[in-house]
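I am attaching a structure below and will ask some questions about it afterwards.
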Amino acid sequence: MEEKGSMMNRTVKSAIAIAAVAAMSVGAFAGCGSSSSSDNGKGKVYYLNFKPEAADQWKALAKEYTKETGVEVTVSTAASGTYEQQLKSEMAKSNAPTLFQVNGPVGYANWKDYTADMSNTEPYKQLINQKVALKDGNKVVGVPYAMETYGIIYNKSILNKYFALDGAKAKSIDDINSFDTLKAVADDMQARKSELGIKGAFTSAGFDSSSDWRFKTHLANLPLYYEFEKDKVTTEPATIKGTYLPEYKNVFDMYLKDSTTDPTQLSSKTSDDADSEFALGEAAFYQNGTWEWANLQKAGMKADDVSMLPIYFGVDDKNEGLVTGSENYWCINSKASDADQKATAAFLKWVITSKTGISAISDKMGLTTPFKSFDSVKITNPLTQAAVDDQKSGKTQVAWDFAFMPSEQWKNDFGNALLEYAQGTGKWDAVKTAFVDGWAKEYSAAHEG
């Protein structure tokens, strides 16, 4: 999903424990929120759905499942922006949801006392990559049912034209498998842009609020990811080192140098500008994600025109995959009766393995799922296809560690320092200060008291 302003306050990290501090307390609910099984002994299901746009589809699924099995399934949908509030209210009732959702480690920290272990459930078993599950130690506390992925989108036609040039730094897309090769190709394309009929290798690195999240959040995820992997960080850290900021600088400098736009113009460049540049064939590369296909398709691009590369970072390029994560994790209520927990697990198994469930999730809800049982589903989004291929490649998908960024203020301060550096009015030392010292400052401010 595209971030605008604070829209992308993601709270997801694959294969981690929990966030250190919860945004709210559920301690007052201890002992409450248990649900009672239906009289027929089969148990029952109550799903508090997060997505208002899929309310009708979930109700239809519930009705069909009840018709097939006789098990009562109730679906209630929270209004947009009210899920956490409604979940808190519903969990305090005697007839609480047996199935609910958290958005990642911070959400889990709020509801950790209500999450059953899903290790033996079909959704966990069906994950293509089980590392994307939300875990607390060895306990699987949440399973994602919708995934999003980002990287470097590329125009196949422009690259094929480049590969055919004498002296090209790569002869096929398979040759672009490291930062060094990517940079060599981008530099060469920039130098030969008149031959290729482009304005730059990369779209403009716009710092309008509709676009700057790509660099202050999404690109900034990479140095955090590698630092947290190296230092085995699994909860929100009070401080960071900025170990991989030199690699960040290398990528960002490439974006600035090999671009359609002079860096002095970036403050006013929007996401629409980047969309247009890419769709019109003015640039070969565009850092963005699976959600962007709708805009590119609307602009006239065809599925055969595009695919997606990892943001090769120069750290572990051989194994680095695309950046993949979720903010949609199913959780089974551990305070529900055993019968209701079993009934809920059985319902989820049916949802992700039956023809009816698969069709509803993929076709009617339009979700990109992480399950092996959806292998036969025809994918029409080429960026989603690239993400699925990446999951099956054996490479390591980069986790969404930007979930741990301490505040919007940190992002904004870091973004402002980046823009000043890009425009030549600021130094890289100021970027490092905003990244490292700013993190400690914002963490401290957020956790006072």
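From the residues in the range 217-240 that are at pLDDT 95 or above and β-branched (Val, Ile, Thr), which one is nearest to residue 318 (Cα to Cα)?
Residue satisfying both the conditions and the ranking: 240.
Taking the range 111-125, which residues are assigned to a helix (DSSP H, G or I) and closer than 23 Å to residue 88 by Cα?
Within the range 111-125, 111, 112, 113, 114 meet the criteria.
Evaluate the range 387-397: report whether one residue or more is touching a residue at least 40 places away in the same chain (Cβ under 8 Å), closer than 30 Å to residue 65 by Cβ and in contact with a helix residue (DSSP H, G or I) (Cβ under 8 Å, 6 or more places away or on another chain).
Yes.
Could you tell me whether the range 93-109 includes any residue that is modelled with pLDDT under 95, of a type in the set (Ser, Thr, Tyr) and open to solvent by 50 Å² or more (accessible area, probe 1.4 Å)?
Yes: one or more hits.
In this structure, is residue 243 at pLDDT 95 or above, surrounded by fewer than 21 Cβ atoms within 10 Å (Cβ to Cβ), of a type outside the set (A, V, I, L, M) and farther than 22 Å from residue 177 by Cβ?
Working: at pLDDT 95 or above: yes; surrounded by fewer than 21 Cβ atoms within 10 Å (Cβ to Cβ): yes; of a type outside the set (A, V, I, L, M): yes; farther than 22 Å from residue 177 by Cβ: yes.
For residue 243, the condition - at pLDDT 95 or above, surrounded by fewer than 21 Cβ atoms within 10 Å (Cβ to Cβ), of a type outside the set (A, V, I, L, M) and farther than 22 Å from residue 177 by Cβ - is met.
Also, quick follow-up: Test residue 168 against the stated conditions and say whether it is in contact with a helix residue (DSSP H, G or I) (Cβ under 8 Å, 6 or more places away or on another chain), more than 22 Å from residue 294 (Cα to Cα), among the aliphatic types (A, V, I, L, M) and in a loop (DSSP other than H, G, I, E, B).
Details: in contact with a helix residue (DSSP H, G or I) (Cβ under 8 Å, 6 or more places away or on another chain): yes; more than 22 Å from residue 294 (Cα to Cα): yes; among the aliphatic types (A, V, I, L, M): yes; in a loop (DSSP other than H, G, I, E, B): yes.
In short, yes.
Something else: Looking only at residues in the range 295-306 that are in contact (Cβ under 8 Å) with a residue 12 or more places away in the chain and open to solvent by 20 Å² or more (accessible area, probe 1.4 Å), which one is farthest from residue 213 (Cα to Cα)? Lay out the reasoning, then the answer.
Step one: list which residues in the range 295-306 are in contact (Cβ under 8 Å) with a residue 12 or more places away in the chain, which gives 295-296, 299-301, 303-306.
Imposing the further condition that a residue be open to solvent by 20 Å² or more (accessible area, probe 1.4 Å) reduces the set to 295, 299-300, 303-305.
On the way: 295: 17, 299: 22, 300: 25, 303: 25, 304: 27, 305: 25 Å.
The selected residue is 304.
May I pose another question? Tell me which residues, restricted to the range 392-418, are outside any loop (DSSP other than H, G, I, E, B) and open to solvent by less than 30 Å² (accessible area, probe 1.4 Å).
397, 398, 401, 402, 403, 404, 410, 411, 414, 415, 417, 418 - these are the residues of the range 392-418 that are outside any loop (DSSP other than H, G, I, E, B) and open to solvent by less than 30 Å² (accessible area, probe 1.4 Å).
Just need a number here: residues in the range 117-146 that are open to solvent by 10 Å² or more (accessible area, probe 1.4 Å), at pLDDT 95 or above and not charged (D, E, K, R).
Final tally of qualifying residues: 5.
Right, something else. For the range 238-245, does any single residue satisfy the condition of being in contact with a Phe, Trp or Tyr (Cβ under 9 Å, 6 or more places away or on another chain), within 24 Å of residue 419 (Cβ to Cβ) and among the basic types (Lys, Arg)?
no
OK, next. Filtering the range 38-61 down to residues that are open to solvent by less than 40 Å² (accessible area, probe 1.4 Å) and assigned to a loop (DSSP other than H, G, I, E, B), which residue is farthest from residue 340 (Cα to Cα)? Let's see the steps before the verdict.
Our first condition is that a residue be open to solvent by less than 40 Å² (accessible area, probe 1.4 Å); within the range 38-61, this holds for 38, 43-49, 51, 54-55, 58, 61.
Still in the running and assigned to a loop (DSSP other than H, G, I, E, B): 38, 43-44, 51.
Working: 38: 8, 43: 4, 44: 5, 51: 23 Å.
Top of the filtered list is 51.
Can you confirm whether residue 332 is of a type in the set (A, V, I, L, M, F, W, C) and in contact (Cβ under 8 Å) with a residue 40 or more places away in the chain?
yes
Quick check on my filter: what residues within the range 423-449 are in a helix (DSSP H, G or I), open to solvent by 50 Å² or more (accessible area, probe 1.4 Å) and under 16 Å from residue 238 (Cα atoms)?
Answer for the range 423-449, where residues must be in a helix (DSSP H, G or I), open to solvent by 50 Å² or more (accessible area, probe 1.4 Å) and under 16 Å from residue 238 (Cα atoms): 433, 437, 441, 444, 445, 446.
Of all residues in the range 126-165, count the ones that are under 20 Å from residue 323 (Cα atoms), touching a helix residue (DSSP H, G or I) at 6+ places or on another chain (Cβ under 9 Å) and in a helix (DSSP H, G or I).
So the answer is 2.
Run residue 80 past the list (1) open to solvent by 10 Å² or more (accessible area, probe 1.4 Å); (2) without any contact (Cβ under 8 Å) to a residue 24 or more places away in the chain and report the number of the one that doesn't hold.
Against the list (1) open to solvent by 10 Å² or more (accessible area, probe 1.4 Å); (2) without any contact (Cβ under 8 Å) to a residue 24 or more places away in the chain, residue 80 comes up short only on (2).
Also: Does residue 64 fit the bill of being among the charged types (D, E, K, R), out of contact with any Cys (no Cβ under 9 Å at 6 or more places or on another chain), surrounded by fewer than 21 Cβ atoms within 10 Å (Cβ to Cβ) and touching a residue at least 40 places away in the same chain (Cβ under 8 Å)?
Yes.
How about the range 314-369: which of its residues are acidic (Asp, Glu) and either modelled with pLDDT under 95 or surrounded by fewer than 24 Cβ atoms within 10 Å (Cβ to Cβ) (or both)?
Of everything in the range 314-369, those that are acidic (Asp, Glu) and either modelled with pLDDT under 95 or surrounded by fewer than 24 Cβ atoms within 10 Å (Cβ to Cβ) (or both) turn out to be 316, 317, 327, 338, 363.
The values are calculated or read from the model by the stated rules, or taken from the named source; none is laboratory data. Everything quoted here is computed from the prediction, not taken from an experiment. Cβ coordinates were reconstructed from backbone atoms using ideal geometry, including for glycine residues, and neighbour counts include every protein chain displayed. What goes into the accessible areas is simple: the full protein's heavy atoms, side chains included, and nothing from ligands, DNA or RNA. Shrake-Rupley method; radii C 1.70, N 1.55, O 1.52, S 1.80 Å.
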